[in-house]
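Chemist: Please see the structure below; I have some questions.
The values are calculated or read from the model by the stated rules, or taken from the named source; none is laboratory data. Source: prediction; values computed, not measured. Here Cβ is always computed from backbone atoms with ideal geometry, including for glycine, and neighbour counts include all displayed protein chains. In case anyone asks, the SASA skips ligands and DNA or RNA and just uses the protein heavy atoms, side chains included. Shrake-Rupley method; radii C 1.70, N 1.55, O 1.52, S 1.80 Å.
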Amino acid sequence: GFLGRHVVAALRRRGYSRLFVPRSAAYDLRQDEAVARLYADTRPDVVIHLAAVVGGGRAVTVLELARIMLDACGSSLEPSVPGQFRAGDTRHTVSDISALRALGWEPVVPVEQNVREFLQWMGTYRGTKEYLDEAERVMRQQNVVRSVA
């Protein structure tokens, strides 16, 4: 990716030559088995993880993101806004990508594609409903879920 290219170039300029940059065609690093195979195949001394998700150049509200997710799931449901939040939640955030743009980077993956890929990745896991239901029960029990005043 963008960051990796810059870091690899800087390392090469400093004389490092034994660099291995995995490609997703060979190692899908979203899969535990592929990560284990990568380590077994390469036996690295140092790992620099530069995968990053940054803003896409436009603001997306939580409500819009919920609609995008429901659309990606083929659901006709409408998002629910119950007026609750978890203590410590980031309630408003905007990604400032101006520094990356100054280096020549531009977003190319729309949020809708990111959501589809995330849902595909989540679909590889089983038992998540029970895990998430238990997490919500514990958060409510510990008064972590709060209502907007």
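Chemist: Could you please state, rounded to a whole Å, how far the C-alpha centre of the stretch 108-132 is from the C-alpha centre of the stretch 1-30?
Modeler: The distance from the Cα centre of the stretch 108-132 to that of the stretch 1-30 comes to 26 Å.
Chemist: Is the C-alpha gyration tensor of the stretch 15-58 telling us rounded, prolate or oblate? Criteria: a/c under 1.5 is rounded; beyond that, a/b larger than b/c is prolate, otherwise oblate. Show your work: numbers first, answer last.
Modeler: Values: a/c = 2.58, a/b = 1.40, b/c = 1.85.
Oblate.
Chemist: Report the charge-dipole magnitude of the chain in Debye, nearest 20, computed about the Cα centre from +1 at each Lys and Arg Cβ and -1 at each Asp and Glu Cβ.
Modeler: 640
Chemist: Turning to a different aspect of this structure: Once neighbouring chains are kept in place and the probe is 1.4 Å, which whole percent of the accessible area of the chain is contributed by carbon and sulfur?
Modeler: On the way: 6710 of 12250 Å².
Reported share for carbon and sulfur atoms: 55 percent.
Chemist: Let me make sure I get this right: for the stretch 31-140, a, b and c are the square roots of the gyration tensor eigenvalues over alpha carbons, sorted descending. Under 1.5 in a/c it's rounded, otherwise prolate if a/b > b/c, else oblate. Which is it?
Modeler: Here the stretch 31-140 falls in the oblate category.
Chemist: So if a site counts as exposed when it's one of the trypsin sites (Lys or Arg not before Pro), its DSSP state isn't H, G, I, E or B, and it has at most 15 other Cβ atoms within 10 Å, what's the longest stretch of the chain without one?
Modeler: The longest such stretch corresponds to 92-125.
Chemist: While we're looking at this one, here's another question. So what is the relative contact order for the chain, in percent, with contacts set as C-alpha pairs under 8 Å and at least six apart?
Modeler: Relative contact order for the chain comes out at 27 percent.
Chemist: Now a separate question. With θ set to phi - 60°, apply the Karplus curve 6.51 cos²θ - 1.76 cosθ + 1.60 along the stretch 95-108 and write out the HN-Hα couplings as whole Hz, x wherever there is a Gly or Pro.
Modeler: Coupling constants for the stretch 95-108: 7, 9, 9, 4, 5, 5, 4, 4, 8, x, 7, 9, x, 10 Hz.
Chemist: A further question on this structure: What does the helix-only formula give at 222 nm for the chain: each DSSP H stretch with n ≥ 4 adding -39500 (n - 2.57), the total divided by the residues, and the result rounded to the nearest 500 deg cm²/dmol? Intermediate results must be reported in sequence, preceding the final value.
Modeler: Values: 6 runs with 65 residues, N = 149.
Computed ellipticity for the chain at 222 nm equals -13000 deg cm²/dmol.
Chemist: May I pose another question? Would the stretch 88-134 count as rounded, prolate or oblate if I go by the C-alpha gyration tensor, calling it rounded below 1.5 in a/c and otherwise prolate when a/b exceeds b/c, oblate otherwise?
Modeler: Values: a/c = 4.01, a/b = 1.78, b/c = 2.25.
Because a/c hits 1.5 or more and a/b fails to exceed b/c, the stretch 88-134 counts as oblate.
Chemist: Collect residues whose amide H, placed 1.01 Å from N in the peptide plane, falls under 5 Å from the amide H of ARG146; neighbours closer than 5 in sequence don't count.
Modeler: So ARG146 has HN proximity to PHE85, ARG86, ALA87.
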